[in-house]
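The values are calculated or read from the model by the stated rules, or taken from the named source; none is laboratory data. Everything numeric here is computed off the predicted structure, so don't read it as measured data. Quick reminder, even Gly has a Cβ in these numbers, built from the backbone with ideal geometry, and neighbours come from all protein chains shown.
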Amino acid sequence: MLHAGAEAIGVIEGAAETTASLLKLASGWWSDRVRRRKPLVVAGYTLASAVRPLVALANSAGTVLAIRLADRVGKGIRTSPRDALIADAVPVAQRGRAFGLHRAGDHMGAVIGPLIAFAVLRWTTLSLRALFLLAAIPGALAVIALVVGVKETPRPVTPPRSEGAAASRPRLGAGLPRRFWAYLAVLVVFTLGNSSDAFLLLRASQLGVSAALIPILWAMLHVVKAGTSTPAGTLSDRVGRVPLIVGGWLVYALVYLAFGRAGATWQAWALFAVYGTYFGLTEGVEKALVADLVPTEKRGAGFGWYNLAIGLGALPASVIFGVVWDRYGAARAFELGAALSALAAVGLVVVMRGRRVATAA
């Protein structure tokens, strides 16, 4: 509707995700230093739920960017404390399953939303802008459910043991092991090839998927994500995190190569279905590996650094992808993403060599 090209999409999505990731580090670190993580989680969800429907009022790409940035501020405040809250609540032997279940629930919500959007666009006279305004309803329900339903036991907080200036200026990365930092370095490499999914929707449109069917395509993707996340997380508790993550990144590489060469509408549908397995294999398992690698008292900071590493790659990844697409074509852009994901898969095997499975950690 706003006539923005691939480069504009890249800037908007990349800037939004990078903003969120910077805040995820600060909120995760702070959640380790206070007795309760829940207030940060509630604040983040409330802000995002309030500003997201304002997309309906946007009349330029710049306005969309401002709204997306505010939405991602909310995400930045809530994500790391929420992930640490999940890790706090379960034993290590069920950690992968817990994060997989969280991702499955998130994706099931993302299935219902596009289906409602499809029904509204197909069978009512409401506009796309009105549809965005309706998003305020599930947002408000989510915040109410969080406030009423989530119970957190206050945690004991250990004060800094150092004295003087060091105690007043604690380092954000102190106490985190070397292997954790190596893991983050590999994640940055992968993220540089992991551009916004908005490009996949743009590619699907080029392949002939109509605007009215885009919500159905998106819903199908989330059905696959939801169906694979919990089994993959459970499997990672048994065989280890690395095989699942490496497998998922290789699936990503193959799907991106295929997207660059696709030439028919049915191929877009098939590739989106396979693409969903990449998320199932990696999203929850990557977070479970963070919890495996960092000390309990540094869990919030660990998730903060994890999210920051992803965010540092998000802006250049989407901008570079958009530039390559506009300058050299979609095939070259997708090949770049595939190459970086394959390189990251090899790197993860190297840096995690000899690590025991989660249940033995």
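Might you check whether a residue that is part of a helix (DSSP H, G or I), of a type in the set (Phe, Trp, Tyr) and at pLDDT 90 or above occurs anywhere in segment 96-103?
Within segment 96-103, one or more residues are part of a helix (DSSP H, G or I), of a type in the set (Phe, Trp, Tyr) and at pLDDT 90 or above.
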Within segment 231-254, the residues that are within 16 Å of VAL351 (Cα to Cα) and of a type in the set (S, T, N, Q) are none
The one condition ALA288 fails out of (1) within 21 Å of the chain's Cα centre (by Cα); (2) without any contact (Cβ under 8 Å) to a residue 40 or more places away in the chain is (2)
Scanning segment 39-89 for residues that are within 14 Å of VAL143 (Cα to Cα), at pLDDT below 90 and among the basic types (Lys, Arg) gives ARG52, LYS75
The residue that is surrounded by the fewest Cβ atoms within 10 Å (Cβ to Cβ), considering only those in segment 121-154 that are more than 24 Å from the chain's Cα centre (by Cα), modelled with pLDDT under 85 and part of a helix (DSSP H, G or I), is ARG122
Across (1) buried (at least 17 other Cβ atoms within 10 Å of the Cβ); (2) under 15 Å from the mean Cα position of the chain (by Cα), GLY105 clears everything bar (1)
Going through (1) of a type outside the set (Gly, Ala, Ser); (2) surrounded by fewer than 20 Cβ atoms within 10 Å (Cβ to Cβ); (3) closer than 24 Å to ALA182 by Cβ one by one, TYR328 fails only at (3)
Of TRP305, TRP266, the only residue that is over 18 Å from the mean Cα position of the chain (by Cα) and of a type in the set (Phe, Trp, Tyr) is TRP266
Within segment 53-72, restricting to residues that are under 13 Å from ALA20 (Cβ atoms) and not small (Gly, Ala, Ser), the one that is surrounded by the most Cβ atoms within 10 Å (Cβ to Cβ) is ARG72
So, first residue surrounded by fewer than 18 Cβ atoms within 10 Å (Cβ to Cβ) in segment 242-268, second residue β-branched (Val, Ile, Thr), Cβ within less than 7 Å, six or more apart or across chains; the pairs are THR265/VAL209
Restricting segment 227-241 to residues that are assigned to a helix (DSSP H, G or I) and either charged (D, E, K, R) or crowded, with 22+ Cβ neighbours inside 10 Å (or both), the one farthest from the chain's Cα centre (by Cα) turns out to be ARG238
Among the residues of segment 48-61, is there at least one that is part of a helix (DSSP H, G or I), out of contact with any His (no Cβ under 8 Å at 6 or more places or on another chain) and closer than 17 Å to LEU315 by Cβ?
yes
**Asked** Any residue in segment 179-199 that is of a type in the set (D, E, K, R) and assigned to a helix (DSSP H, G or I)?
**Response** yes
